[in-house]
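K.L.:
The structure's right below; bear with me while I get my questions together.
Read-outs throughout are calculated quantities, based only on the coordinates presented, and are distinct from any laboratory measurement. Note that this is a predicted model, so its numbers are computed, not measured. No Cβ is skipped: glycine too gets one built from the backbone with ideal geometry, and neighbour counts run over all protein chains shown.
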Amino acid sequence: MVHTVTYFVVGVLAFWLLDYGELYSRPDMAGLMRQTTDPIIMVGPVFQPLRGFVFALAIYPLREIVFARPRGWLVLWGLFVALGIVSTFGPSPGSIEGLIYTIISVPHQLLGLIEVVIQALLLAFGVVYGVSHPEKRWLNWLMIVVFAFVILAPLAGLLAGARGA
């Protein structure tokens, strides 16, 4: 749930603050990224629980390192940034491989790093904090409510758009 919620919140903020509509229509990005008007973009958050599950599978064997330390969230964030952002196996924008093998301008690649590094930070902190503080039931309920909204709102928007077409 934490991944889906942080993905949505940071993604919406980045969409508006970084003007993804204009950025993704640029020639060096248009061949790589779907346009922000594409319906699949609207339902992107619906697929995030699957990614969250994959993250959980990867974090589980590290639980004694990540959850037992006072600042284990920094360890987790470092892993996310190192393995999931900077040193990906493919040429993702903002990664070392992306900087070498894509034609996306360096400023555009670095701009995109803002979103993913912040989301990774919030994800790492949120997971470790949530696991380390099970007594904070209000936080669990808040996460459930926001998670449900993040999943249901895009589906409702897609269905409303389909009826209007």
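K.L.:
State whether one or more residues within the range 109-117 are in contact (Cβ under 8 Å) with a residue 60 or more places away in the chain, of a type in the set (A, V, I, L, M, F, W, C), assigned to a helix (DSSP H, G or I) and farther than 16 Å from ILE59 by Cβ.
P.N.:
Looking through the range 109-117, at least one residue is in contact (Cβ under 8 Å) with a residue 60 or more places away in the chain, of a type in the set (A, V, I, L, M, F, W, C), assigned to a helix (DSSP H, G or I) and farther than 16 Å from ILE59 by Cβ.
K.L.:
Quick check: is even one residue across the range 70-86 free of Cβ contacts under 8 Å to residues at least 60 places away in the same chain, in a helix (DSSP H, G or I) and among the basic types (Lys, Arg)?
P.N.:
no
K.L.:
Tell me yes or no: at least one residue of the range 132-141 is of a type in the set (A, V, I, L, M, F, W, C), surrounded by 13 or more Cβ atoms within 10 Å (Cβ to Cβ) and part of a helix (DSSP H, G or I).
P.N.:
Yes.
K.L.:
Moving on to the next point. So in the range 3-34, with the set limited to residues that are of a type in the set (S, T, N, Q) and farther than 18 Å from ALA156 by Cβ, which one is surrounded by the fewest Cβ atoms within 10 Å (Cβ to Cβ)? It would help to see each step written out before you state the result.
P.N.:
The initial filter retains those residues of the range 3-34 that are of a type in the set (S, T, N, Q), namely 4, 6, 25.
Then drop every residue that is not farther than 18 Å from ALA156 by Cβ, which leaves 6, 25.
On the way: THR6: 24, SER25: 14.
Checking each candidate, the answer is SER25.
K.L.:
Among the residues of the range 87-105, write down those that are surrounded by 12 or more Cβ atoms within 10 Å (Cβ to Cβ), in a helix (DSSP H, G or I) and of a type in the set (A, V, I, L, M).
P.N.:
If the condition is that a residue be surrounded by 12 or more Cβ atoms within 10 Å (Cβ to Cβ), in a helix (DSSP H, G or I) and of a type in the set (A, V, I, L, M), then ILE96, LEU99 are the ones that fit.
K.L.:
Follow-up question, since we're still on this one. When the range 118-131 is examined, which residues are found to be under 23 Å from THR88 (Cα atoms) and surrounded by fewer than 17 Cβ atoms within 10 Å (Cβ to Cβ)?
P.N.:
ILE118
K.L.:
Okay, moving on. Please go through the range 43-68 and pick out each residue that is of a type in the set (D, E, K, R) and closer than 14 Å to VAL5 by Cα.
P.N.:
Taking the range 43-68 as the starting set, the residues that turn out to be of a type in the set (D, E, K, R) are 51, 63-64.
Of everything in the range 43-68, just one residue is of a type in the set (D, E, K, R) and closer than 14 Å to VAL5 by Cα, namely ARG51.
K.L.:
Hey, another quick one. Of these, ARG34, ARG26, which one is charged (D, E, K, R) and either in contact (Cβ under 8 Å) with a residue 24 or more places away in the chain or closer than 23 Å to VAL128 by Cα (or both)? Steps first, answer last, please.
P.N.:
Working: ARG34 fails: either in contact (Cβ under 8 Å) with a residue 24 or more places away in the chain or closer than 23 Å to VAL128 by Cα (or both).
After applying the criteria, what remains is ARG26.
K.L.:
Within the range 35-55, how many residues are more than 17 Å from PRO154 (Cα to Cα), surrounded by 14 or more Cβ atoms within 10 Å (Cβ to Cβ) and not aromatic (Phe, Trp, Tyr)?
P.N.:
1
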